[in-house]
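To keep things clear, I will list the structure first and then write my remarks on it.
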Amino acid sequence: MNSRLPARVRVALYGALCLLAVPFVFPTWWMVTSSVKPVSDIFAFPPSLFPTDASLAAYRRVFELQPFAQQYFNSAYIAAVVTIGTLAVSSLAGYAFARIRFRGQHVLFVVVLVGLLIPSEVTIVPLFRMFNSWGLVDTHWPLILVPIFGAPSVLATFIMRQFFITLPGELEEAARVDGLGRLGTFWRIALPLARPALGAVAIFTFLHSWNLFLEPIVFLSSPEKFTLPQALTQFVDIYGGPMWDVQLSAASMTAVPVLVIFVLAQRQFVEGLAHTGLKG
């Protein structure tokens with residue numbers, strides 16, 4: 001039996017999907033096209049889909065007004081380190097909660113999950129005082145340590161645990177017969193099979209770190225140490241008003257590369273989340 005839809009139905013379906021995508025695609029398109037428009041054309045009504053007098057002058061001003069290249073590097077390397085650290089912590093913790101039986105296991109897991117219910121605004125003052133006492137304010141260490149051992153890592157641990165629960169117990173038994181210990185089984189058997197879940201965790205962890213806003217504002221004060229979300233707030237004129245063309249240019253350079261990465265990796269992301277819901 002042919003399960004394919006008739007041609008007319010497919011055309012209608014794709015047309016409806018394209019129509020529904022307009023509210024999501026148009027703001028990004030407007031941001032990118034407005035970044036090369038004169039300021040007088042940015043808020044013209046009705047808005048134009050294509051710039052009539054395109055110019056890259058605003059992009060040059062982004063790097064003249066702020067150390068934007070350094071700030072871009074700051075966001076990139078912090079997000080990369082946080083992603084690697086979160087993958088390491090969450091995969092080990094998730095495997096332990098899923099495959100190792102110990103007293104109080106479920107109670108401890110519930111206690112860990114409670115961390116998701118605590119807003120970051122509640123803990124930001126105690127964290128600031130703690131890092132200030134360690135002399136780590138105005139450094140990138142708080143932006144690295146807090147996500148790795150905070151709520152994003154808790155969510156990652158939950159996803160990894162749900163995935164490891166779905167693995168057949170026969171795999172561990174076969175590994176023990178072959179002489180592998182607990183760590184060897186994790187490294188050689190469980191972790192390679194967890195690539196879909198690791199991919200999902202890596203994507204949302206990287207995006208969360210890339211978009212982090214509250215913590216950089218609290219912990220950083222030197223422009224050369226700013227991350228991109230914090231840097232975007234600095235493009236203002238002498239009266240404190242927004243420099244719209246420069247802000248849109250900086251926002252485009254901030255958002256578009258990450259958006260492209262997510263579009264290319266969305267299949268891995270969806271597949272990883274789907275695997276975590278099979279059981280448990």
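The values are calculated or read from the model by the stated rules, or taken from the named source; none is laboratory data. This structure is a prediction, so every number in the text was calculated from the model and none was measured. Here the Cβ is made from the backbone with ideal geometry for all residues, glycine too, and neighbour counts use every protein chain on show. We work out accessible area using only protein heavy atoms, side chains counted, and drop any ligands, DNA or RNA first. Shrake-Rupley method; radii C 1.70, N 1.55, O 1.52, S 1.80 Å.
Worth pointing out:
- Helices (runs of 4 or more DSSP H) enclosed by the stretch 161-263 - at least 2 residues per element that are over 30 Å from Val122 (Cβ atoms): 169-177, 182-185, 195-210
- Filtered residue count, the stretch 172-189, keeping only those that are open to solvent by 100 Å² or more (accessible area, probe 1.4 Å) and among the hydrophobic types (A, V, I, L, M, F, W, C): 3
- Check on Gly199, free of Cβ contacts under 8 Å to residues at least 12 places away in the same chain and either touching a helix residue (DSSP H, G or I) at 6+ places or on another chain (Cβ under 9 Å) or crowded, with 18+ Cβ neighbours inside 10 Å (or both): no
- The stretch 226-252 - residue that is over 21 Å from Pro216 (Cβ atoms) and open to solvent by 40 Å² or more (accessible area, probe 1.4 Å) and, of those, nearest to the chain's Cα centre (by Cα): Trp244
- Conditions (1) surrounded by 10 or more Cβ atoms within 10 Å (Cβ to Cβ); (2) free of Cβ contacts under 8 Å to residues at least 24 places away in the same chain; (3) of a type in the set (Val, Ile, Thr); number of the one not met by Ile100: (2)
- Checking each residue in the stretch 203-221 for being in contact with a Phe, Trp or Tyr (Cβ under 9 Å, 6 or more places away or on another chain) and either more than 25 Å from Met253 (Cβ to Cβ) or aliphatic (A, V, I, L, M) (or both) picks out Ile203, Leu207, Val218, Leu220.
- Count of residues meeting criterion [part of a loop (DSSP other than H, G, I, E, B) and under 18 Å from Pro216 (Cβ atoms)] in the stretch 48-89: 2
- The single residue among Phe226, Phe164, Phe149, Phe206 that is over 28 Å from Val258 (Cβ atoms) and in contact (Cβ under 8 Å) with a residue 40 or more places away in the chain turns out to be Phe164.
- Test: residue in the stretch 131-140 that is open to solvent by less than 80 Å² (accessible area, probe 1.4 Å) and part of a helix (DSSP H, G or I): yes
- Against the list (1) modelled with pLDDT of 90 or more; (2) open to solvent by less than 80 Å² (accessible area, probe 1.4 Å), the condition Thr28 fails is (1).
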